[in-house]
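Trainee: Below is the structure I would like to discuss, written out as structure tokens.
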Amino acid sequence: MPTQAAHINHVTPRCSCLLKQTFVHPVPCQSSPISLSGSQIARIQSLPENQEMSLQEFEEYAEKSKTLPDSTTNENKLILYGLYKQATVGPVNTSRPGMFNMKDRAKWDAWKAVEGKSKEEAMNDYITKVNQLLEEAAAA
């Protein structure tokens, strides 16, 4: 029997090269989603209806972010990365990469920059940023 969380298909990162992790999902699906722990599923199941809608909207915009043009600046990609990590993982839980690992260090810094935001704030800011970038791309 499916759990209440079964409606959560998956949340995929903007670019799989950003996370360099293998993801497993408790609900079978065709793509490579991130895993949800039992505590995360329990938390989602206890969310009020409006927060569940926010999570679904966040998942939709995570998918939409994959359609951003290649001309999207690295600065904007890093902003999205930081917001995505804050929304899905929470506060930074790793040490800062060394100075010779510039790519991972920039990603870590982007995540650290939004560390004070709640997961809900990060989701809303992520949605707003993706929407802004999609509108800019459509106008260009």
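Trainee: Taking the range 62-102 only, how many residues are over 15 Å from the mean Cα position of the chain (by Cα), among the acidic types (Asp, Glu) and modelled with pLDDT of 95 or more?
Mentor: Looking only at that region, the number is 1.
Trainee: Return yes or no: is Asn124 out of contact with any Cys (no Cβ under 6 Å at 6 or more places or on another chain), without any contact (Cβ under 8 Å) to a residue 60 or more places away in the chain and not aromatic (Phe, Trp, Tyr)? Can you show your working first?
Mentor: Values: out of contact with any Cys (no Cβ under 6 Å at 6 or more places or on another chain): yes; without any contact (Cβ under 8 Å) to a residue 60 or more places away in the chain: no; not aromatic (Phe, Trp, Tyr): yes.
So Asn124 fails the test.
Trainee: Hey, another quick one. Six or more apart or on different chains, Cβ under 9 Å: which pairs go from a residue in the range 87-114 that's over 20 Å from Tyr61 (Cβ atoms) to one that's of a type in the set (Val, Ile, Thr)? Could you list them?
Mentor: Matching pairs, first to second residue: Trp108/Val92; Trp108/Thr94; Lys112/Val92.
Trainee: Collect the residues in the range 102-126 that are surrounded by 14 or more Cβ atoms within 10 Å (Cβ to Cβ) and closer than 19 Å to Thr73 by Cβ, keeping them in residue-number order. Working first, answer last.
Mentor: Let us first name the residues in the range 102-126 that are surrounded by 14 or more Cβ atoms within 10 Å (Cβ to Cβ), namely 104-114, 117, 119-126.
Once the filter is applied, which keeps residues that are surrounded by 14 or more Cβ atoms within 10 Å (Cβ to Cβ) and closer than 19 Å to Thr73 by Cβ, the range 102-126 yields Asp104, Arg105, Ala106, Lys107, Trp108, Asp109, Ala110, Trp111, Ala113, Val114, Asp125, Tyr126.
Trainee: Within the range 127-140, take every residue that is of a type in the set (Val, Ile, Thr) and surrounded by 14 or more Cβ atoms within 10 Å (Cβ to Cβ) and give me the one that is farthest from Gln56 (Cα to Cα). Even if it seems obvious, please write down each step before you answer.
Mentor: Of all residues in the range 127-140, those of a type in the set (Val, Ile, Thr) come to 127-128, 130.
With the extra rule that they be surrounded by 14 or more Cβ atoms within 10 Å (Cβ to Cβ), the set shrinks to 127, 130.
Numbers: Ile127: 11, Val130: 15 Å.
Checking each candidate, the answer is Val130.
The values are calculated or read from the model by the stated rules, or taken from the named source; none is laboratory data. The structure displayed is predicted, hence computed values, not measured ones. Neighbour counts are summed over all protein chains in view; Cβ atoms, including those assigned to glycine, are modelled from backbone coordinates with ideal geometry.
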